[in-house]
């Protein structure tokens, strides 16, 4: 337990910090959100499958309402994708000396 350290030995390498820099953390979360966008789109496009279609069950959704819904979802996904692209371009680029962690 009481070991003496050799002064000629190389100093121990400090472990990497536990927390990431704020900018790289934000960039990674933005990339994660952009990766989930197609899954969100698939869920939004699948919602009309849950709408009642039989006249006896409930009031059926009109075709014009369904087409409008699909178009609005499509437009939302385009705007969200463009927003993610603009936000990614506005973030500062990674430093060249920063090592790759993945």
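Residue by residue, here is whether (1) surrounded by 11 or more Cβ atoms within 10 Å (Cβ to Cβ); (2) closer than 21 Å to residue 27 by Cβ; (3) at pLDDT below 95 holds:
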| residue | (1), (2), (3) |
| --- | --- |
| 54 | no, no, yes |
| 57 | no, no, yes |
| 61 | yes, no, yes |
| 81 | yes, yes, yes |
| 85 | yes, yes, yes |
| 92 | no, yes, yes |
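Pairing each residue of segment 85-98 that is in a helix (DSSP H, G or I) with any residue that is at pLDDT 60 or above, provided the two are 6+ apart or on different chains, yields C-beta distances under 8 Å for 87/30; 88/27; 88/30; 88/31; 88/34.
Checking the condition loosely packed, with under 10 Cβ neighbours inside 10 Å, outside any loop (DSSP other than H, G, I, E, B) and modelled with pLDDT of 80 or more, which residue from 30, 72, 44, 49 passes? Walk me through it before giving the result.
On the way: 30 fails: loosely packed, with under 10 Cβ neighbours inside 10 Å; 72 fails: loosely packed, with under 10 Cβ neighbours inside 10 Å; 44 fails: loosely packed, with under 10 Cβ neighbours inside 10 Å.
Every option except 49 fails the conditions.
The values are calculated or read from the model by the stated rules, or taken from the named source; none is laboratory data. What you see is a predicted model; the values in this text were computed from it and never measured. Here the Cβ is made from the backbone with ideal geometry for all residues, glycine too, and neighbour counts use every protein chain on show.
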